[in-house]
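The values are calculated or read from the model by the stated rules, or taken from the named source; none is laboratory data. None of the values given here were measured: they were computed from a predicted structure. Heads up, the Cβs are rebuilt from the backbone with ideal geometry, glycines too, and the neighbour counts pull from every protein chain shown. These area figures cover heavy atoms from the full protein model, side chains too; ligands, DNA and RNA do not enter into them. Shrake-Rupley method; radii C 1.70, N 1.55, O 1.52, S 1.80 Å.
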Amino acid sequence: MEWGEYEPAIRLWESVNGPAPHPVEQSARNRWRLAPAFVEWMQGLTPGWVTDLGFSRRAAFRMLGNTVVPQQAIEALQVLAVRRYGSRAR
């Protein structure tokens, strides 16, 4: 797959999160649309965390859109720890 200008970012994230799934899928109307598995991967979630639960595509996107990205949660907790205890949590 060619990622164009996003190639460096995709390759970097692949080194952390494993191979990128295909970013798009074909709809029943033969239109290309964003794949939920790619969104799941971009957020750093375990493959299948949302997409293997059997929900509709719409419900999967709703869940992915309302989730907390683990890396953001960790950073937030570390910032709060610095404010409270004066050092980053380990």
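Annotations for the structure displayed:
- With respect to being out of contact with any Pro (no Cβ under 7 Å at 6 or more places or on another chain), exposed (fewer than 15 other Cβ atoms within 10 Å of the Cβ) and either at positive phi or in a helix (DSSP H, G or I) (or both), Val16 fits the description.
- Residue that is farthest from Ala60 (Cα to Cα) [pool: residues in region 22-36 that are open to solvent by less than 40 Å² (accessible area, probe 1.4 Å) and touching a residue at least 12 places away in the same chain (Cβ under 8 Å)]: Pro23
- Within region 37-56, the residues that satisfy the criterion of being within 11 Å of Thr67 (Cβ to Cβ) and either free of Cβ contacts under 8 Å to residues at least 24 places away in the same chain or surrounded by fewer than 16 Cβ atoms within 10 Å (Cβ to Cβ) (or both) are Gly44, Trp49, Val50.
- With respect to the stated conditions, Arg84 fails to be farther than 21 Å from Asn17 by Cα, open to solvent by less than 90 Å² (accessible area, probe 1.4 Å), charged (D, E, K, R) and out of contact with any Cys (no Cβ under 7 Å at 6 or more places or on another chain).
- Count of residues meeting criterion [charged (D, E, K, R) and at pLDDT below 90] in region 39-90: 5
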